[in-house]
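The values are calculated or read from the model by the stated rules, or taken from the named source; none is laboratory data. Just so it is clear, the model here is predicted, and its values are computed rather than measured. Cβ placement follows ideal geometry from the backbone for every residue including glycine, while neighbour counts extend to all protein chains displayed. Surface areas here come from the heavy atoms of the whole protein model, side chains and all, with no ligands, DNA or RNA. Shrake-Rupley method; radii C 1.70, N 1.55, O 1.52, S 1.80 Å.
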Amino acid sequence: MSEDILAYASVLRLSRADLNALKIKDAYGLHRVVYGLFEETRSEAEKQASIPSGIVYADKGGDFHCRQVLMLSDRRPHQTPQFGAVKTKPVPGSFLDQPCYAFEVTLNPGKRDKQTGKIVPMRRREEVVDWFLARAEKSWGFRVNPENLQTEKIGVQVFAKGGRTITHGSATLKGELHVIDPVRFRRSFLQGIGRGRAFGFGLLQIVPFSEN
């Protein structure tokens, strides 16, 4: 990848006929379609070790006629898929040079159950906000303005995989972030944040803006 190119931003558009042909019924179905657009660069051992795939995406939904998926990747997706249409453009390295961004992100907020040891979804808005604000500064390289932070679509994502039922918490957050650690922020943007990134969580959708 050229030093001037940070990553590749793509939009996958799927018509109703595409969705039917691909048999996308849940988050796992969409995961398979998105990952199928890219050449696999990891070995089986790297997959088992949870080495990042280089792909993060967000299902933006749509209307009766079309569904859109945003994707950020370290390599170009196939530009002529069997179903759907893909448009890709490079993200320049200078894109992350700004101090402040408007953002939107759909996350999988969860906490470990003390009795079972399992991660369980967070359901209360206040709980999600506190979790997000703390994680942003501690792990993700940015600080969030709590005064204009919006939390929407709190719920769960459920699908079957390998004979098991997988349940993820889901919450969409919008607001204003200020970069406090450029190295961590770059990693957060390129690799996504939080759990469940292989299933459409964690893509930081950001737009630079001035503080003035």
*Quick one: net charge around Arg13, please, counting Lys, Arg +1 and Asp, Glu -1 for every other residue with C-beta under 14 Å from its C-beta.*
+1
*Hey, can you rank 196-207, 62-73, 117-128 by average C-beta count inside 10 Å, highest first?*
196-207, 62-73, 117-128
_Report, to one decimal in Å, the Kirkwood hydrodynamic radius for region 1-72 based on all distinct Cα pairs._
13.8
*Please work out whether region 58-171 counts as rounded, prolate or oblate from its C-alpha gyration tensor, where a ≥ b ≥ c are the square roots of the eigenvalues and a/c under 1.5 means rounded, while otherwise a/b larger than b/c means prolate and anything else oblate?*
oblate
*Mean shadow area of the chain over all directions, Cα convex hull, nm²*: 13.4
*Kirkwood Rh and Cα Rg combined as Rg/Rh, region 136-212*: 1.04
*Where does the charge balance sit around Ala134 when Lys and Arg score +1, Asp and Glu -1, over other residues with C-beta under 14 Å from its C-beta?*
0
*Rounded to the nearest whole Å², what accessible area per residue is found for the chain with the 1.4 Å probe?*
57
*Cα convex hull of region 37-123, projected area averaged across orientations, nm²*: 10.0
*Short version: what are the Cα gyration tensor semi-axes of region 1-41, square root of 5 times each eigenvalue, largest first, in whole Å?*
26, 12, 8
_I'd like the distance separating the alpha-carbon centroids of region 31-55 and region 71-121, in whole Å._
14
_Label-point separation, Phe209 to Val158 (7 Å along Cα→Cβ), nm_ = 3.7
*Between Asp130 and Asp97, how many nm apart are label points set 7 Å from Cα along the C-beta direction?*
4.1
